[in-house]
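The values are calculated or read from the model by the stated rules, or taken from the named source; none is laboratory data. This structure is a prediction, so every number in the text was calculated from the model and none was measured. Cβ placement follows ideal geometry from the backbone for every residue including glycine, while neighbour counts extend to all protein chains displayed.
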Amino acid sequence: MIVAPKIRGFICTTAHPVGCAQHVQQQIDVVKSRGPISNAPKKVLVIGSSTGYGLSSRIAAAFGGGAATLGVFFERPGAADRTGTAGWYNTAAFEKAAQADGLYARSFNGDAYSDAMKQTVIDAIKADLGQVDCVIYSLASPRRTEPKTGEVFKSVLKPIGETYTNKNLNTTNGEVNEVSIPPAQGDDVEQTVAVMGGADWELWLDALLAAGVLAEGTRTVAYSYIGPELTWPIYKNGTIGKAKEDLERVQRALDTKLAPLNGKAWVSVNKALVTQASSAIPVVPLYISLLYQVMKARGTHEDTIEQMDRLFRDRLYSGHPQPDEAGRIRVDDWEMDPEVQALIDQRWNEVDTANLKELADFDGYQSSFLRLFGFGLDGVDYTADVDTALPVPSIPAEA
């Protein structure tokens with residue numbers, strides 16, 4: 001079928017298999033162009049591996065460090081009459097490229113929060129690799145089912161205490177308007193922490209430790225974001241910020257649990273980028289558009305692959321993680337440069353619909369969004385019929 005983008009709000013309901021493959025290949029090319037990553041891990045589990053930072057982590061580990069990788073995600077395969085999700089096509093392309101380079105790659109599609117998935121992955125590690133020496137946790141989901149009780153938790157993106165009103169970007173029509181977000185109510189905070197905090201990260205590491213499949217010196221990292229003060233009411237000081245505080249609590253607990261293996265847990269604070277998760281957060285798309293304009297002009301803009309390559313190459317495995325005062329790795333350092341933030345503050349006060357394209361990189365934002373789903377990539381014929389029923393080689397057809 002011929003596949004075109006169908007956008008509804010902050011979601012694209014179609015994905016282009018050839019475009020997704022091209023996007024994955026471009027990321028592989030970035031990593032390979034930088035040469036091998038010294039002291040890189042050799043057996044890596046990525047939980048949440050199909051899009052965004054998780055996908056780029058898997059690519060950096062495999063094609064920068066030569067690692068065998070296992071990936072866990074929840075995606076929809078395509079059929080002859082409908083497309084699969086971008087994450088499905090990304091994984092199909094990743095595995096094909098890994099096979100071409102002689103790299104082990106195995107993927108698991110299902111509920112990463114479940115005990116059953118944890119056991120399936122543990123069994124695969126035992127059978128194929130023995131142990132893993134790096135665990136990346138990069139899940140982003142609006143809900144989570146607690147495996148022991150069956151309780152379903154739902155996350156919300158809300159401020160705490162009072163309504164938050166600020167500028168916003170309607171990414172459909174390019175209009176700069178105003179958004180008001182009511183504060184969290186009832187158990188909104190607890191629900192969001194249960195989904196987006198560190199509970200499942202800890203459950204994964206507990207299960208892996210108990211099964212004996214973590215190697216000496218294992219490192220694990222989960223991803224977070226802090227951002228500038230203008231986003232704090234909806235992010236750092238909002239419900240999602242409370243979840244990220246819980247992530248840091250779990251990081252400290254995991255440090256203790258991994259100590260007998262001489263292991264280490266990290267929280268990495270990453271840059272604001274267009275991802276399927278960030279597109280859903282009010283205020284953030286306008287901030288990202290301004291950020292892109294400033295950082296591209298300074299030559300410091302990075303996408304997810306450059307961020308993850310730098311995380312592996314210069315922080316996690318360089319011997320110089322450069323933690324901040326709270327013990328977090330900061331690869332958002334170029335974003336939070338005071339000169340960058342001063343320019344954004346100035347432009348935030350000035351930006352409106354009329355001057356949006358002058359002050360912000362809205363075209364770049366839209367391009368990055370479409371690329372997430374395989375659209376707008378050079379070298380892809382979007383008028384051609386494509387096979388939308390592509391398999392992921394390591395996943396049985398009935399899975």
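The set of residues from the range 231-240 being in contact (Cβ under 8 Å) with a residue 60 or more places away in the chain and either part of a helix (DSSP H, G or I) or farther than 12 Å from VAL284 by Cα (or both) comprises ASN237, GLY238, THR239, ILE240. Here is the figure for the range 89-137: residues that are within 23 Å of ARG76 (Cβ to Cβ), assigned to a loop (DSSP other than H, G, I, E, B) and out of contact with any Asp or Glu (no Cβ under 8 Å at 6 or more places or on another chain) total 3.
Any idea how many residues of the range 29-88 are assigned to a strand (DSSP E or B) and among the polar types (S, T, N, Q)? Reasoning before the result, please.
Pass one, the range 29-88, residues assigned to a strand (DSSP E or B): 43-47, 68-73, 79, 82.
Filter once more, so that each one left must be among the polar types (S, T, N, Q): 69.
The number of residues fulfilling the criteria is 1.
Among the residues of the range 159-172, none is identified as within 26 Å of the chain's Cα centre (by Cα), of a type outside the set (Ser, Thr, Tyr) and loosely packed, with under 13 Cβ neighbours inside 10 Å. Given the structure, is ASP332 of a type outside the set (A, V, I, L, M) and assigned to a helix (DSSP H, G or I)? So ASP332 does not fit the description; no. A residue that is in a loop (DSSP other than H, G, I, E, B) and under 17 Å from the mean Cα position of the chain (by Cα) can be found somewhere in the range 303-310.
Specify which of the listed residues (ASP200, ASP187, ASP206, ASP255) is crowded, with 19+ Cβ neighbours inside 10 Å, farther than 15 Å from VAL284 by Cβ, acidic (Asp, Glu) and at pLDDT 95 or above. So the residue among ASP200, ASP187, ASP206, ASP255 that is crowded, with 19+ Cβ neighbours inside 10 Å, farther than 15 Å from VAL284 by Cβ, acidic (Asp, Glu) and at pLDDT 95 or above is ASP200. Can you pull out the residues in the range 11-50 that are at pLDDT below 95 and among the β-branched types (Val, Ile, Thr)? Result: ILE11, THR13.
Can you pull out the residues in the range 30-58 that are over 30 Å from VAL213 (Cα atoms) and more than 19 Å from the chain's Cα centre (by Cα)? Those that are over 30 Å from VAL213 (Cα atoms) and more than 19 Å from the chain's Cα centre (by Cα): SER33, ARG34. Cβ-Cβ distances below 6 Å connect the following pairs, each with a first residue in the range 51-64 that is on the phi > 0 side of the Ramachandran plot and in contact (Cβ under 8 Å) with a residue 12 or more places away in the chain, a second residue that is crowded, with 24+ Cβ neighbours inside 10 Å and of a type in the set (Ser, Thr, Tyr), and a separation of six or more residues or different chains: GLY52/THR304. In the list PRO36, PRO17, which residue meets the criterion of being over 21 Å from LYS118 (Cα atoms) and surrounded by 19 or more Cβ atoms within 10 Å (Cβ to Cβ)? Being over 21 Å from LYS118 (Cα atoms) and surrounded by 19 or more Cβ atoms within 10 Å (Cβ to Cβ) holds for just one of PRO36, PRO17, which is PRO17. What residue, among those in the range 323-380 that are within 26 Å of GLN22 (Cβ to Cβ) and charged (D, E, K, R), is nearest to the chain's Cα centre (by Cα)? Looking at residues that are within 26 Å of GLN22 (Cβ to Cβ) and charged (D, E, K, R), I get ARG371. On the stretch given as the range 241-290, residues that are out of contact with any Phe, Trp or Tyr (no Cβ under 7 Å at 6 or more places or on another chain) and assigned to a strand (DSSP E or B) total 4.
Can you tell me which residue is farthest from ARG371 (Cα to Cα) among those in the range 39-59 that are surrounded by fewer than 22 Cβ atoms within 10 Å (Cβ to Cβ) and out of contact with any Asp or Glu (no Cβ under 7 Å at 6 or more places or on another chain)? The residue in question is ASN39. Selection of the range 340-377 for residues being without any contact (Cβ under 8 Å) to a residue 24 or more places away in the chain and either closer than 20 Å to SER56 by Cα or among the acidic types (Asp, Glu) (or both) yields GLU350, GLU358, ASP363, SER367. Only residues in the range 79-91 that are modelled with pLDDT of 95 or more count as the first member; pair them with residues that are basic (Lys, Arg), Cβ under 6 angstrom, at least 6 apart or cross-chain, and list the lot. Going by the 6 Å Cβ cut-off, the qualifying pairs are GLY84/ARG76; THR85/ARG76.
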